[in-house]
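What follows is a single structure, written as structure tokens, with notes after it.
Each reported figure results from applying straightforward, stated rules to the coordinates on display, with no laboratory input. Source: prediction; values computed, not measured. Positions of Cβ are backbone-derived with ideal geometry, glycine not excepted, and every protein chain shown enters the neighbour counts.
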Amino acid sequence: MHKIKYLFTASLLLLLTPACEKEIIEPVMVVPPEPAPPPEPAGPPEPVVTYDIVGGYVQKGPFLNGTAMTLAELDSLLVPTGKTYTTQLLDNQGTYAVRNVSLESQYVQVQASGFYYNEVTDANSSGQLTLFALSDLSERNSLNVNLLSSLEKARIEYLLAEGVAFAAAKARAQREILAVFEIDAAGMTASELLDITQAGEGNAILLAVSLILQGYQEVADLSELLGNMSTDLRQDGVVNSQSVGSTLVNNAVALDPEAIRANLIARYEAMGVTVSIPDFGPYVKHFLDHTKFTFTNSIKYPENGAYGKNVLLTGDTIYSRDAYSLAAELPAPYQSLRVDISGPGWMFNSIQPDRGWEFGSLGPNTARTFTTTRTGKVDFELQFTRQWSPAPPSVPVPSPLQPCYSDQGNPYPEMDTVQELPPYPCLIGLDTIFPPTMPVEEPGPPEPIPTIRIAVYENGSEDALWVKEIIVL
């Protein structure tokens, strides 16, 4: 009985349990990728051109032996390809040569970093300068590096980015740079072919531009000027900065073309080289005559110095007994000042701290020459002392018809006596008399008033900038 019960229960459980169905998984269709198109056949590789030698000169004045040189290959957008050649200058003429140069692109950049001969100061530079040149070697393999080629670089790169072809960009950049110096670039040779040691108009222009950029500046100042000018020119090809323009004018004013020419000739002769320095002076003068930029580097004379009023002001001619200043401000390194002082009534303490002046020996008429010993602010103490006195006022002389009272009101004429009444003696016995006729003396010329003469000479000139005579009261 119990077995039947258990069996019934198990059967019931089976009936109540739902049947389990098997899960069917649909297969995923995998679509194989289309086969990649066969690669197009590669074109012929860029031809490699080998140059036996790429060389030239590096000039500001000539760069010095040992200057580091790098020649870098550029693609058509002037981006470096990574292929470079390095060398250094071979002599003090600025000569370089890179041998066995193999390039796929015709465009190159040459960079030079080193010391150079400064023809303005007739001395080697105190620091190193870096210059560049961009060129197309399909047209030439003689490649000079100079200030013009370096200034062109940023402008050429900008124009190429704007879609201008290399040759057109290079010609345009040169034309715009020369316009800053008031020079017409028509027919101008490419900058990297110019040479300051050879005759010719283009070479004269290069030397003039190089000198205007250099002036009497230190290397750091020249490098900064080149950078500022390149930045200013980059987008529109125009120098808009008045500061940059005035620096160019200030530099040009200071140049001595004949001395510079002599310096260059002597420098190359010392190396056993005969050169033909081009006539660059007219281009410097033309720039000064036509530029819109202004000269700002004149010697300045402040109204007052450390010791009092400045005697180097042109308008003042009357002074008192007091201390005064011999004061000036010389902003440029080439500037100098000479002051000649003569005449009575002035002196100075010969022992003064370094004030930027030295004085010469005592000459006739208390004359001395003062010369600046440095640039910047200079000052020196002078003392003015009066060495003369004005003549006393004259006593009025009575007219011959003016009466003279000898007795001064005495009622008894017989008691009159001779009395010395100024300016004449009176006669005895008369109450009222007229003085005797006195000889009339013509007044002589007045005594001259002593003056102190001051003459000022700037920058080594033998012609005085101005002369004045002063009076000390």
Each label point is 7 Å from the Cα along the Cα-to-Cβ direction; what then is the distance between the points at residue 386 and residue 329, in nm? 3.5 nm
If each residue of separation counts as 0.36 nm, what is the full-extension length gain between residue 463 and residue 76 once their alpha-carbon separation is subtracted? 133.5 nm
Residues whose modelled amide H sits under 5 Å from the amide H of residue 337, counting only those 5 or more places away in sequence or on another chain, are 372, 459
Distance in nm between pseudo-label sites at residue 317 and residue 113 (7 Å out along the Cβ direction from Cα): 6.2 nm
Distant alpha-carbon pairs in segment 102-237 (separation over 23 angstrom), percent: 31 percent
Amide H of residue 98 versus every other amide H placed in the peptide plane: which residues, excluding those fewer than 5 positions away on the same chain, fall under 5 Å? 54, 55
Roughly speaking, what % of Cα-Cα pairs in segment 49-290 are separated by over 30 Å, rounded to a whole number? 20 percent
List 300, 153 from most exposed to least, where exposure is judged by having the fewest other Cβ atoms within 10 Å. 300, 153
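With respect to the cross-link table entries 153/292; 285/468; 170/292; 60/83; 60/292; 83/170, which display a Cα-Cα separation exceeding 29 Å?
Beyond 29 Å: 285/468.
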Given points 7 Å out from each Cα along the Cα-Cβ axis, report the residue 162 to residue 86 separation in nanometres with one decimal. 3.6 nm
Run the numbers for residue 303 and residue 289: contour at 0.36 nm per residue of separation, minus the present Cα-Cα distance, in nm. 1.9 nm
Expressed in nm to one decimal, what extension gain is obtained for the pair residue 361 and residue 241 from 0.36 nm per residue of sequence separation less their Cα-Cα distance? 38.5 nm
